[in-house]
Amino acid sequence: MFRLSQYMQQLVTPSPVRRPRGVQKPVVIWNLTRRCNLKCRHCYTVSADHAFPGELTTAEAHGVLDDLAGFGIPALILSGGEPMVRPDLMELAARARAMIRYLALSTNGTKIAGEAADRIAEIGFDYVGISIDGVGATNDWFRGMAGAFDQAVAGVRACKARGIKVGLRFTLTRDNAAQLPDLLALCDAEGVDKFYLSHLVYAGRGDKNRGEDAAHDHTRAALDLLIDRAWVAAAEGAPLDIVTGNNDADAVYLLHWAARHFAPEKVAHLRTHLEAWGGNSSGLGVANIDTQGGVHPDTYWSDYTVGNVRDARFTELWTGPDPILAELRRRPRPLKGRCGACAFRAVCGGNTRIRALQLTGDPWAEDPACYLSDAEIGVDAAPRLTVTPFRGKRHDPAHRFV
């Protein structure tokens with residue numbers, strides 16, 4: 001996650017760089033269930049509205065929570081599918097609240113109303129992120145259900161009425177890029193606290209629909225708008241917090257913007273902060289537990305499993321000798337192509353590895369969603385990977401990481 005508003009603030013009120021100390025504990029994103037009342041075009045878990053066998057039981061989930069709390073993770077995000085359809089969600093959330101410093105809920109928002117909204121407030125979630133893919137009919141088409149937009153907005157209002165910090169999560173594609181200004185206006189109108197722009201990741205139905213990924217010029221236009229908005233917020237104290245995810249080239253794009261508007265010493269200060277952050281954090285600062293207990297480097301690496309919490313504690317798996325985790329934690333990573341030659345590797349960390357993996361079978365190939373030019377990343381002109389539509393064939397997972 002790239003905290004655009006936070007780093008923009010360094011250009012207004014600079015602060016000392018804070019570097020991680022000791023063993024870095026990950027933010028854990030836990031997919032509690034694959035069941036969902038919607039059927040989104042880019043769903044990375046390929047969820048649907050029916051029961052999936054083999055999901056962790058309540059007792060097993062309690063054991064996982066005890067281990068995560070003992071490990072000292074900084075944050076837990078409860079996700080799905082749609083986590084609100086899991087009958088024991090509130091029981092698990094209340095237990096997590098008592099043990100873990102920061103607790104968030106990732107939801108489509110359609111089931112946040114009445115007693116459910118009251119319970120979310122009573123438990124004391126630090127944050128509720130509601131996914132939305134456009135305004136009105138556009139959102140409903142992406143999410144596969146008429147009325148999903150109105151229900152999601154009702155969920156936002158239910159959270160705000162109860163004093164719950166709430167954000168909107170928006171996945172940028174060719175088909176909804178033009179609605180970004182409308183979504184920012186919606187944030188203003190509803191008093192939304194945070195806006196999260198997610199770049200498309202080629203996983204689950206997101207892989208099958210990767211031909212809908214935003215073109216590079218759409219991505220640049222979106223970042224121009226978000227940077228402008230974040231600068232006004234930083235300079236004038238506007239409340240909306242803006243973050244982006246799944247394309248760490250956004251940080252490099254911000255650096256180039258800063259170089260056009262600020263003195264070199266301020267740009268150098270910003271770069272120092274960004275290098276301390278380090279970009280993509282898969283396998284290091286973020287971890288995933290899937291519905292059946294599988295542990296992954298992040299939510300999109302479903303084809304690679306470190307181990308299962310039914311067989312070993314998360315703590316043991318995450319701190320063990322897994323070869324892919326070891327490679328993801330290397331700095332610099334063993335990157336190839338444009339990513340390997342990039343002058344900003346220390347800023348973006350090689351971006352999102354799963355896109356390279358899905359297109360080439362090699363997790364260290366260049367990320368095709370990097371929208372920066374060769375000149376902007378300091379490399380010689382060379383042929384680039386292009387995103388082709390999904391053809392129904394996948395690489396053999398057993399050979400992906402050789």
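The values are calculated or read from the model by the stated rules, or taken from the named source; none is laboratory data. Just so you know, these numbers come straight off a predicted model, no measurement behind them. Cβ sites come from the backbone with ideal geometry, for glycine too, and all protein chains shown count toward neighbours. For the accessible areas, the whole protein counts, side chains as well, though only heavy atoms, and no ligand, DNA or RNA atoms are used. Shrake-Rupley method; radii C 1.70, N 1.55, O 1.52, S 1.80 Å.
Here is how the numbers come out for the structure above:
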read-out: Cα extents of segment 79-142 along the three principal axes, largest first (Å); value: 40, 22, 18
read-out: Links that overshoot a 24 Å alpha carbon limit, given the list Lys39/Lys111; Lys25/Lys266; Lys160/Lys194; Lys25/Lys111; value: Lys25/Lys266; Lys25/Lys111
read-out: Residue with peak Gaussian network fluctuation, the chain [Cα springs, cutoff 10 Å], from Phe125, Phe195, Phe52; value: Phe52
read-out: Relative contact order %, the chain, counting alpha carbon pairs below 8 Å whose residues are six or more apart; value: 19
read-out: With 10 Å bins from 0: P(r) over segment 266-375, alpha-carbon pairs, percent; value: 14, 42, 30, 12, 2
read-out: Three-way shape label, segment 1-157, alpha-carbon gyration tensor, a/c 1.5; value: oblate
read-out: Counting DSSP beta bridges with both ends in the chain, the antiparallel % (nearest 5); value: 15
read-out: Cβ crowding within 10 Å averaged over residues, with 30-37, 64-71 ranked highest first; value: 30-37, 64-71
read-out: Ordering of 161-169, 356-364 by packing [mean C-beta count within 10 Å, highest first]; value: 356-364, 161-169
read-out: Relative contact order, percent, segment 117-269 [alpha-carbon distance under 8 Å, six or more residues apart]; value: 20
read-out: Aspartates and glutamates whose Cα lies under 16 Å from that of Lys165, excluding same-chain neighbours fewer than 8 positions away; value: Asp118, Glu122, Asp126, Asp188, Glu190, Asp193, Asp241
read-out: q = 0.08 Å⁻¹: log10 I(q)/I(0) that the Debye formula gives for the chain, counting C-alpha atoms only; value: -0.40
read-out: CD proxy at 222 nm, helix term only [per DSSP H run n ≥ 4: -39500 (n - 2.57); per residue of the chain; nearest 500]; value: -11000 deg cm²/dmol
read-out: Sorted peptide list for 244-252, 142-150, 112-120, criterion being average Cβ within 10 angstrom, highest first; value: 244-252, 142-150, 112-120
read-out: Average Cα contact separation per residue, segment 310-370, under 8 Å, 6 or more apart, as relative contact order %; value: 27
read-out: Solvent-accessible area per residue, Å², over the chain with all protein chains present [probe radius 1.4 Å]; value: 41
